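Asks: Take this structure, written in structure tokens, and hold onto it; I'll ask about it next.
The values are calculated or read from the model by the stated rules, or taken from the named source; none is laboratory data. All of these numbers come straight from a predicted model, not from anything done at the bench. With ideal geometry, Cβ positions are generated from the backbone for all residues, glycine too; neighbour counts draw on all protein chains shown. The accessibility values were calculated without ligands, DNA or RNA, using every heavy atom of the protein model including side chains. Shrake-Rupley method; radii C 1.70, N 1.55, O 1.52, S 1.80 Å.
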Amino acid sequence: MNSKKCLNRKRIIGWQRILLLLFTIHYSLFTFSQVGTWKNYLAYHEIQQICAAGDYLFVRASNDLYQYNQKDQSIYTYDRTNGLSDTNIKLIAWNKQAKRLIAVYDNSNIDLVETNGNVTNISALYTKTMTEDKTVNSIRIEGNYAYLVCGFGIVKVNMQRAEIAETYTPNHPEYPTSLPAEDNSDYDKYIELVKTLSPDGPHYNHFGFMRFLNNKLYTCNGDYTHSSGIQIYDNNNWINYQNEGISDVTGLSYMGAFCLDVDPKNENHIFAGSRNGLYEFKDGQFVSFYNSNNSPIEPFDGKTLEYELVSDVKYDSNGDIWLLNSSAPNTSMIRYVNGSFTKLNHAELMKLNSGAIKNRSNAEMRGMFFDSQGLMWFVNNNWYTPAFYQYDTNSDKLTAYENFVNQDGTVQNPQLGVRCIAEDLQHNIWIGTSAGPFVFERKEINNGGTTLTQVKVPRNDGTNYADYLLANTDILSMAIDGGNRKWFGTNGNGVYLISADNMTQILHFTTADSPLLSNIVKSIAVNPASGEVFFGTDNGLCSYISDATQSNTEMTSDNVWAYPNPVEPNYTGPITITGLTLNADVKILSANGAIINEGRSNGGTYTWDGCDQKGRRVASGVYMVATATSDGKKGTVCKIAIIN
């Protein structure tokens, strides 16, 4: 290399280092996750199995897996984002000769895990179509092999070659009759050590109810079948509310919480509805209990204290608390103000007539929220009288919507129930049902109408035909993000993201093509500041970093920035500009003012792929981000340094 080229190279390297230093100093206060990435929030609380692997310990806890390094005391957790093929691990065993751990899932899928983090999947047993019982009941290790004792026979796995070597049924001439004993001795040897370990994560994998408030994710069971408690995710830390000892005080079983809400005056003060009443917590500790002994809350049959269903609880803007009492003989709605309860019964809510049950409150009233006009909305998620409701707390006027007639005059029947309800940024009310999503448009609401809208999505196939949006898809949960896009969680078909204009399916996540933990998505919550979308599934909690955040009312140099910044040579992901106003106009400009990229924000966020308008990766340099509000008012400018 001649001296001139060498000098130029040194100048370039020096310039890059200066850029790196300047932008690293400026943005060191901000830490962000890359748009498009996934996270899992799995429980590792209940220790089930321990396998020693040299200097490492593999631990199966709460049906999840982590690895402990006895030399440096580090912990590495495994999940679907870093190699595992499935969820709900049923059994593990270490093979010393093959130097691999075998992990068998409850659906008979198999992973082989090495201490360096490499994972190899063996799916043959899982995908095998058979009428016999494939359940794996125990694992026996011998040489390079693992013998899986199943309901139908024995599967011999070659752990060195990562393949199924042989399958034996009881009538097979070579059926193994003398297998080595199952070895669980490492559990007793290391259990006291493992009890001292604290992998990051919640205590339980039950997230049927979620609500994002005060920059925290508040979660609980969401059903009446688990005894796990309230869990709060706060700035990378999990806070677990008292779960033990509550039954000793109440004399009733504590089945965790079905729903909860947070005191607007004290974020550490929570009321939670449950199977047998209303529970009050302060600073993570149980303090009070309310049921038919000290409140108007009623048992479903008037006498069984274990079934006094408080199916929703919500604070209003005045700090008053509203309760829904499902399946009750005389009570449907209760107001709690300054220690005093008031019953507010409405005939429209007393329509449960099934078998011996007569004229009781609807079976599963839930989803309470107050809209932008101060009106309360909730649903009845039950096959008997599926409906949604509007309630004016000032006038005590309740309106029931039981007939699902769309704009075409077509009657739709959500046979299983009305699952969820939410308000979008245009103040329309979205209703998720077992027959798909409906929109109750604000103009229809304000005019006292009852017609629902089913969004029609054109087929764009040269015809004038269109299809109703997600028709006959069972919508279990939904959330509206900062870009007014709709996230729909389904009962068996994963998650859909629909555009702000409702015309485009932007994303569809399933377990087959993403790290989503299950295709049954019971709850969704969005962090408006970061765009992180949380999915509560029947297999636990995971999240996706979306490209939409809550918009700002104005754009200034203090609240608009880009990340990563600087963009280093090995980075190939999206570059994110955040802090924008709704539908802001964004232009990426070169140093000489040429437009490199332009578009509109999703809520408060805009993403750029680092390429010019012809799809070519841009050269090293400093690029300007010029913004303007949706009505053309000039915004602010930030800079992005790119180093290639």
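Asks: Leaving out ligands, DNA and RNA, what percent of the accessible area of the chain is carbon and sulfur, probe 1.4 Å?
Replies: 45
Asks: When Lys and Arg each count +1 and Asp and Glu each count -1, what net charge do the other residues less than 11 Å away from residue 328, Cβ to Cβ, add up to?
Replies: Details: positive: 343, 360; negative: 298, 301, 308.
Taking every other residue near residue 328 into account, the sum is -1.
Asks: Now for a different question. Around residue 270, under 9 Å between beta carbons, what's the net of Lys plus Arg minus Asp minus Glu among the other residues?
Replies: -3
Asks: So which aspartates and glutamates can residue 633 reach, going by Cα to Cα under 15 Å and dropping same-chain residues fewer than 8 places off?
Replies: 554, 585
Asks: Still on this structure, please answer the following. Using only the Cα atoms, what convex hull volume per residue in Å³ does the range 490-644 have?
Replies: That works out to 134 Å³ per residue.
Asks: Continuing with the same structure: Given 25 °C and 0.890 mPa s, how large is the Stokes-Einstein diffusion coefficient of the range 271-313 in µm²/s, with Rh as the Kirkwood radius over Cα pairs?
Replies: It diffuses with D of about 236 µm²/s by this estimate.
Asks: So what's the gap between the Cα centers of the range 499-578 and the range 69-110, to the nearest angstrom?
Replies: Between the Cα centres of the range 499-578 and the range 69-110 lies a distance of 28 Å.
Asks: When ranked by the protection proxy of mean other Cβ atoms within 10 Å per residue, highest first, what sequence do the peptides 366-379, 120-133 form?
Replies: Going by the mean number of other Cβ atoms within 10 Å, highest first, we get 366-379, 120-133.
Asks: A further question follows. Students often get this wrong, so check it: of 216/397; 397/486; 96/128; 39/314, which have C-alpha atoms separated by over 31 Å?
Replies: 216/397
Asks: Before anything else, pin down the relative contact order of the chain: Cα pairs under 8 Å, at least 6 apart, normalised by residue count, whole percent.
Replies: Values: 1608 pairs, mean separation 50.1, N = 644.
It rounds to 8 percent for the chain.
Asks: Counting only helical runs of four or more DSSP H residues, what would the 222 nm mean residue ellipticity of the chain come to if each run contributes -39,500 (n - 2.57) and the total is spread over all its residues? Please report the intermediate quantities before stating the final value.
Replies: Working: 5 runs with 49 residues, N = 644.
Calculated at 222 nm, the ellipticity per residue is -2000 deg cm²/dmol.
Asks: Largest first, what is the accessible-area ranking of 547, 79 with a 1.4 Å probe?
Replies: 547, 79
Asks: Per residue, how much accessible surface does the chain expose to a 1.4 Å probe? Answer in Å², no decimals.
Replies: 45
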